[in-house]
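The values are calculated or read from the model by the stated rules, or taken from the named source; none is laboratory data. The model shown is predicted, which means the values in this text are computed figures rather than measured ones. Heavy atoms of the whole protein, side chains included, go into the accessibility calculation; ligands, DNA and RNA do not. Shrake-Rupley method; radii C 1.70, N 1.55, O 1.52, S 1.80 Å.
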Amino acid sequence: HNNQNKRETTWPERSKRLQQRSQLPVSQLFVSPGVYSIIVFTLGFKTGCNPTAIVEGINNTWIKLPPFSSKVVMDDKKNGKAVWVPVSTRVEDHVVVPDLDYSNIENPDEFIEDYTSHLANNPMDMSRPLWEFHVLNIKTSNAESFGTGKFHHSLGNGMSLMSLLYASSRKTSDPDAFPTTATTRKHSRKVIHRIISLDDVKFVKNTMNVDIADMMTKGSKCRWGNFIGLVVFPLWIRCEDDPLKYIRRARATMDKKKISMEPLISYGILKLIMKIFGEKVVEAIAKRALIIHYVSYVDKLIINLAVDTAVIPDPHLLCDDLVESLNIIKLAALEKGLHKM
């Protein structure tokens, strides 16, 4: 008899909930023309990509979330607020298999960097659902094939979308089980990544008795949407005799900020600024020349950089510096461990 009380959620009901969520300040900011914020992602596979299987998988997962089968429309009845409008969506229209002559690609790693950078700089078609996935059956130094794509940031924040990618994966040994542990600007963006050993980071972590923040925490209570708080974290640009001093200072600072009200207050201030001064003011203070993401997977840590090439013309040098800094800190941690012995 309980089944009699259950009913499927209709499209108008889901659309209403989507409209309510799209009116969140951060979502409104992401769809404003001056910001145009997207998330570019890459996935490396151990085998060749099967486009048909990917389409089937997306049909069974992503497309069941209303934002992935809806477009954004500015509603004049809501003072120009962005709302979600459900549309008929074919997954095949969003899964791109480029016609490439892979035999003529001399440097696959560089090709992937250029391809993802082009993807990041190429505006999305706002008249349809705001996501796409590209299948690249090209072998690189780290994978047999690649999947790359982008989500418009109005679909959700990083945690929501990482959860979605994770939920779309399954164990090869058990297809029903989850894996055991995924602005329009004047200048172009360059997107690159560097893969380093997670064991090196763990070594520093264990030596210094600090924590590594996990993107996917079991039992996480995160909600879908764009709920974003900010903390202002100072960077010390100076040489220290003891490289581990950076770690100690960073840990002490973050320990204080984790128990502070700063993220909640910053979110409140963001809403207040948008309400009083409008989105244009927030757009002006939201410009970013450098975005760094760290993603850990199995025994690897991937450093992802998106840079404004007018400000940082050589992002590879920045990656080299990050890796060199880790090596210096690792050596200092090793000496610290030896001294303890």
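Using a probe of 1.4 Å on the protein chains alone, the accessible area found for ILE259 is around 140 Å². Rolling a 1.4 Å probe over the protein heavy atoms gives the range 53-140 an accessible area of 53 Å² per residue.
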